[in-house]
Each structure stands twice: as C-alpha cells, then as structure tokens.
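What follows is one structure encoded as structure tokens, with my remarks underneath.
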Amino acid sequence: MIDSKLFYLTIFALVCVSLCDELPVLGGPRELSGEDLDKAIGDLNVALAKLATGDGPSFKAGKVTKVTTQVVAGSLVTYTVELQSGDAVKQCTVKIWSQPWLKENGTNVKIQCDGDDNKVDTTY
C-alpha cells in the first residue's frame, strides 16, 4: 500500500517538474508571438515616433529579435531590436513600461544600445 502511494507520488512530482519548464512563472516575463508580437512591434514604432517628435533621438526599428511582456504595476514590454539612427545600426534593448490608468506620464521608454553609454529614459 505504501509502495503504491510512493510510486504515484513520485510520478506526480515528475509530471509537475516537467510542466514547470513549459508554464510561465506567474508575474514573470513571457515571450510574445503571433498577433501579440505584431501589436507589440506596432507599439514600439508608435513610441519611437513619439520620441522623435520631442527632444529625443530619431530611431527606426529594424530586425526585432525578441519581445517579452511582464505584468508589473502595468505592463513592461522588453524588446531586443536593431535600431537605426541615420546610417548607424545598433543592437538595443528597449523597455516600454505602460500604466494606462495614469492620465499623464503613463508611459516610460528606456533605450540602451550595446557599446553606447548614452541611455534614453523618457516619460510621456
């Protein structure tokens, strides 16, 4: 009797461990694909256009390598993307933190490019 309970408990534990690798961690980052990825890339282009209208740099998104989203007092979308500024193309990380319930300053954009000490950090 005890041996069969131990057997089933072991099988249950192995199934749980194998499922943990496939399920996202609650509150952790989740990689986007399909329509969610397309919407996120559209949001990136809107944020870059808004950044260019102010005192910020003028970037155009190129190849998007990876996009993740995470729920953190709003939503944090992190992009690994090639950004073009003039003739220069840089590999960058763009983070857009959105808190849509705020009427002012509800979106924060941070851009950090590889090999570049200058960081963009703006809120609108």
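Among the residues of region 65-80, those identified as in a strand (DSSP E or B) and either open to solvent by less than 40 Å² (accessible area, probe 1.4 Å) or hydroxyl-bearing (Ser, Thr, Tyr) (or both) are Thr65, Val67, Thr68, Thr69, Ser75, Leu76, Val77, Thr78, Tyr79, Thr80.
Scanning region 109-124 for residues that are within 15 Å of Tyr79 (Cα to Cα) and open to solvent by less than 70 Å² (accessible area, probe 1.4 Å) gives Val109, Ile111, Gln112, Cys113, Val120.
Residue-level check: of (1) surrounded by 14 or more Cβ atoms within 10 Å (Cβ to Cβ); (2) modelled with pLDDT under 90; (3) among the small types (Gly, Ala, Ser), Ala61 misses just (2). Taking region 25-58 as the range and being surrounded by 13 or more Cβ atoms within 10 Å (Cβ to Cβ), under 11 Å from the mean Cα position of the chain (by Cα) and part of a loop (DSSP other than H, G, I, E, B) as the test, the residues that pass are Pro29, Leu32. Once region 84-97 is narrowed to residues that are at pLDDT 95 or above and of a type outside the set (D, E, K, R), the residue that is surrounded by the most Cβ atoms within 10 Å (Cβ to Cβ) is Val94.
The values are calculated or read from the model by the stated rules, or taken from the named source; none is laboratory data. Not measured: the values here are computed from a predicted model. Here Cβ is always computed from backbone atoms with ideal geometry, including for glycine, and neighbour counts include all displayed protein chains. The accessibility values were calculated without ligands, DNA or RNA, using every heavy atom of the protein model including side chains. Shrake-Rupley method; radii C 1.70, N 1.55, O 1.52, S 1.80 Å.
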